Each structure stands twice: as C-alpha cells, then as structure tokens.
Amino acid sequence: MSTRTVRGIVLRRWDSGESDRRIVLLTREAGKITAVARGARKGGSKLAGVTEPFCVADFQLAAGRTLYVTQAQPVAGFGELRLGFERIAAASAWAEILDKAIHAGGAVLHGFELAVTVLHGICHAREPLAPLCWGDIRLMEGVGFAPSFASAEYGDGGQLWISTSDGTIVQSDEPLRHIPVSPAVAISLRKLRELEGPPEYLRGAKAVVDALGALWEHLLEVRLPARRTLTATG
C-alpha cells in the first residue's frame, strides 16, 4: 500500500463505523480530499486531536479503496478560536465555505495558504469578521468569480445591489437577480478587494458578512448553515 505525506487543515469531520472518523482536508499538495482516520474515536488515540476541525498537521496517507490516515504530526491548532463565540463562529463559517466552494479533488491556487492566513486573522484580529470577509473575496476570485465591486457612483444613501453575474455594484430594478447592499457596504467591499492581506478591523463587518453570505448562496446554490448562524447573532 503506497503512502504519501501532505500538509492539510481539517475542514470537517464526522463519525464512521464503531471508532473511525472521516475528515475533509484542504491540503497544500493535493487540494481537497477525504480520508479515514481509523480508531480516531478510541480513548487515547493519537489521531483524536489532529482530526478536529481547524487542526493543521502533516498527514501520512495510505491509498487503498479510500485514503487512510496512518500518522499525523500537528503543526497548528488555532486554540485561540475557542476563547470567544464570535471567533469560533467565524472560523466555522470559513471552513464551511472552503468545503462547499472547492470541489472534491479540486484545488484553488494557494488555497491552503489562504485558509491558514484567514484563520490566523480570525484568531487575532480586533474584529474577527474582518478577515472572514477578506477571505471570502479572495476565495471567490480563486474559484473563478472575480467580483470587482466597482461602480461609477455609490449614490447618496439609496439602495444598491451586487450583480450576481459579474460582481459589480448596480442600481437595479430587478432585485430578485441581485444582492441588496447599502452604499457603505459597497464601499467596504471595494476596499477589501484592494487589500493584500486580511484587515484587523472593518466598520459594519456584520452587514458585509451578510452580503457576502447571500452572494455565496446564490453562486453555489446551497444553504450555508454555519454562515446563517453567524449572521443571525449579534
């Protein structure tokens, strides 16, 4: 049975069989993959901690009918996320969208690095939602939807819309086809797109998260439960 080692971050896990655990990994070398960690739920298993969400580790994988985790060496765990509800909720929304937006076996250019950068930002930023918003935009670009959030005019306080076809800001009379935003949110989206790294703070971050979540659900045609939980709080 051939083996290989990849560095990955756990996006999702669920129980399998009597004591196994299945995990979805976003890896640096192979994109998004699913693997089985045998015995990870047994007491004292060395695979228990490294198969929890947000754990970054070097995973040794054996290829059979499926991929099996045979060993894992933890690299980072982002324990700071668990110090506050908003941080863990933002991280959960980020892991969810990475899982939904990247197809199985697929990859996004520098996707692993993006995932880790945003999680680090969520851990330490003054406003945990700010890095999430920045990451959303970078990920949209990575999967082929590159919103510019550009507009000739942002108006004087009237209703604006994100075009779901090209990501521009429009003054539309067809609201069912577009995502409603305020001028302040439109300006924040444009500024976020211009940043090279995740910001520490974003004024009105909750409204920006709401808009990006609605845009994601339209683009992917799925519901995002973790995102909805996040936007329903506060």
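The table for this structure:
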read-out: Residue that is out of contact with any Asp or Glu (no Cβ under 7 Å at 6 or more places or on another chain) and modelled with pLDDT of 95 or more, where the choices are Ala63, Ala30, Ala91; value: Ala91
read-out: Strands (runs of 3 or more DSSP E) wholly inside the range 22-84 containing at least 2 residues that are small (Gly, Ala, Ser) and within 20 Å of Val108 (Cβ to Cβ); value: 31-37
read-out: Verdict on Ile97 being touching a residue at least 40 places away in the same chain (Cβ under 8 Å), assigned by TED's automatic domain parsing to the domain that holds Gly213, among the β-branched types (Val, Ile, Thr) and at negative phi; value: yes
read-out: Every residue from the range 91-120 that is in a loop (DSSP other than H, G, I, E, B) and surrounded by 15 or more Cβ atoms within 10 Å (Cβ to Cβ); value: Ile102, Ala107, Val108
read-out: Close pairs (7 angstrom Cβ cut-off, 6 or more residues apart or separate chains): under 14 Å from Leu195 (Cα atoms) in the range 121-137, in a loop (DSSP other than H, G, I, E, B) and among the aliphatic types (A, V, I, L, M) anywhere; value: Ala130/Leu202; Pro131/Ala125; Cys133/Leu202; Trp134/Leu195
read-out: Positions within the range 1-12 being at pLDDT 95 or above and within 16 Å of Tyr68 (Cβ to Cβ), in sequence order; value: Thr5, Val6, Gly8, Val10
read-out: Residue among Ala184, Ala146 that alone is in a helix (DSSP H, G or I), surrounded by fewer than 21 Cβ atoms within 10 Å (Cβ to Cβ), in contact with a helix residue (DSSP H, G or I) (Cβ under 8 Å, 6 or more places away or on another chain) and at pLDDT below 95; value: Ala184
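Residue by residue, here is whether (1) surrounded by 14 or more Cβ atoms within 10 Å (Cβ to Cβ); (2) under 20 Å from Arg126 (Cα atoms); (3) not hydrophobic (A, V, I, L, M, F, W, C) holds:
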{"residue": "Ile179", "(1), (2), (3)": "yes, no, no"}
{"residue": "Leu189", "(1), (2), (3)": "yes, yes, no"}
{"residue": "Leu192", "(1), (2), (3)": "yes, yes, no"}
{"residue": "Gly197", "(1), (2), (3)": "no, yes, yes"}
{"residue": "Glu200", "(1), (2), (3)": "no, yes, yes"}
{"residue": "Ala207", "(1), (2), (3)": "yes, yes, no"}
{"residue": "Ala211", "(1), (2), (3)": "yes, no, no"}
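The values are calculated or read from the model by the stated rules, or taken from the named source; none is laboratory data. From a predicted model like this one, the values you see are computed outputs, not experimental measurements. Glycine also receives a Cβ, built like all others from the backbone with ideal geometry; neighbour counts cover every protein chain displayed.
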